[in-house]
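S.K.: Dropping the structure in here first, questions after.
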Amino acid sequence: MRFRPIVSLALSICATGCDHTAPFAVHDQEPVGPWTAAPPIRLTFNGGDDRHPAVHDDIIVFSRLEAGRSDFDRCLAFLPIGVGTLSRVSCAGSVTPDSLVDAIVDPALSSDGRVAYVRDQGVPFRKGPSTRHIVIAPVDPPVNPATAYTVSFAWPDGRRALALRQMSWSHGDVLRFIAGEETYPSAPTLPDTVFTSFGLAELSVATGAFAEIAGTDSVRTYVAAPDDGIWFVREGAPDTLLHLVRGGMVPTVVGVFSGPVTSLTVVDGHPVGSVSVDPPRVEWLAVASGAPGGATVLPIAGSAGRLAGVPTTRRFVVEISTGGSADLWLLELP
């Protein structure tokens, strides 16, 4: 694979070469389309690519590829849920395109005003990044890193985790994510980056201590459950929802979705998944019965990716991919 924007690139605050007094200005704002109060609502109209939404209170933060950037930088974008216009975009590299790819992906907002992300930096069209860091910084401004850790963690069986997916804040100063490794197939029929999951892990921001979460091997996607445990699905059974109590080591089966799940979130207390069936849909699971309780079909032809539930509502943000790029939509459970 060539080192391109959709490769595992890191969510980063402007660390070098960026104007630290003002984030990347939003010039020639994308059209926002007609605004309606009722979902489905298309949230982004980017000529580039918008992925990895995370929601905290009424703010969406996500990874954004600016359409006009020849260096393929991915930036950190903020969008109020109730407003159809970006509030700001902050890029990791230079304000103008340069010779390096600086990518910000997998952002996660904390309750105390911080953002964590992965930042990848490398040379365009090369396989994989040259450097990869987890960065933690204040949200305002999101351009002054407070802490950074190199993504290279020793797994208990001797493997080294050099990549991660789906970062979130766990408890206090602890980050949670899927740890694993990447390979870069050269066959044109395969994805340019293949991620292999080892399992869930946590990283202490304060001390740098890294630990595997037992019982979560080969996790495909996960979300914190309302009881302080974890809901997740494994690669080997991507339609089966499992539950791991906090501090436990053996997960139990909760139920089965109608197809393979690519992303999980919580909406109104329910486990909700992006399900790869025909037509693609976002489905919630009735925990009491272990069966699908209802679904929201995508408003356009495409595939559902990353999900982010909107607290205290039945709404959620979904990444919908069409033709190789993605935009964000606001949908609602029936």
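The values are calculated or read from the model by the stated rules, or taken from the named source; none is laboratory data. Everything numeric here is computed off the predicted structure, so don't read it as measured data. Here the Cβ is made from the backbone with ideal geometry for all residues, glycine too, and neighbour counts use every protein chain on show.
S.K.: Inside region 229-259, can you point out the residues that are under 16 Å from Ile178 (Cβ atoms), in a loop (DSSP other than H, G, I, E, B) and under 23 Å from the mean Cα position of the chain (by Cα)?
M.R.: Glu235, Gly236
S.K.: Quick check on region 49-67: of everything there that is touching a residue at least 24 places away in the same chain (Cβ under 8 Å) and not in a strand (DSSP E or B), which residue is farthest from Met167 (Cα to Cα)?
M.R.: Glu66
S.K.: Looking at region 283-326, which of the residues that are assigned to a strand (DSSP E or B) and β-branched (Val, Ile, Thr) is modelled with the lowest pLDDT?
M.R.: Thr322
Conditions tested, residue by residue: (1) under 28 Å from Pro260 (Cα atoms); (2) in a loop (DSSP other than H, G, I, E, B); (3) among the small types (Gly, Ala, Ser); (4) touching a Gly at 6+ places or on another chain (Cβ under 8 Å).
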{"position": "Pro145", "(1), (2), (3), (4)": "no, yes, no, no"}
{"position": "Arg165", "(1), (2), (3), (4)": "yes, no, no, yes"}
{"position": "Glu181", "(1), (2), (3), (4)": "yes, no, no, no"}
{"position": "Pro188", "(1), (2), (3), (4)": "yes, yes, no, no"}
{"position": "Ser197", "(1), (2), (3), (4)": "yes, no, yes, yes"}
{"position": "Glu202", "(1), (2), (3), (4)": "yes, no, no, no"}
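S.K.: Could I ask something else about it? Going residue by residue through region 206-228, is there one that turns out to be in contact with a Pro (Cβ under 8 Å, 6 or more places away or on another chain), assigned to a strand (DSSP E or B), free of Cβ contacts under 8 Å to residues at least 60 places away in the same chain and loosely packed, with under 15 Cβ neighbours inside 10 Å?
M.R.: Checking region 206-228: not a single residue is in contact with a Pro (Cβ under 8 Å, 6 or more places away or on another chain), assigned to a strand (DSSP E or B), free of Cβ contacts under 8 Å to residues at least 60 places away in the same chain and loosely packed, with under 15 Cβ neighbours inside 10 Å.
S.K.: Quick one: in region 260-282, of everything that is of a type in the set (A, V, I, L, M, F, W, C) and not in a loop (DSSP other than H, G, I, E, B), which residue is farthest from Pro334 (Cα to Cα)?
M.R.: Val261
S.K.: Right, Asp140: part of a loop (DSSP other than H, G, I, E, B), in contact with a Gly (Cβ under 8 Å, 6 or more places away or on another chain), modelled with pLDDT of 95 or more and farther than 22 Å from Val101 by Cα or not?
M.R.: Considered against the rule, which asks whether it is part of a loop (DSSP other than H, G, I, E, B), in contact with a Gly (Cβ under 8 Å, 6 or more places away or on another chain), modelled with pLDDT of 95 or more and farther than 22 Å from Val101 by Cα, Asp140 comes out as no.
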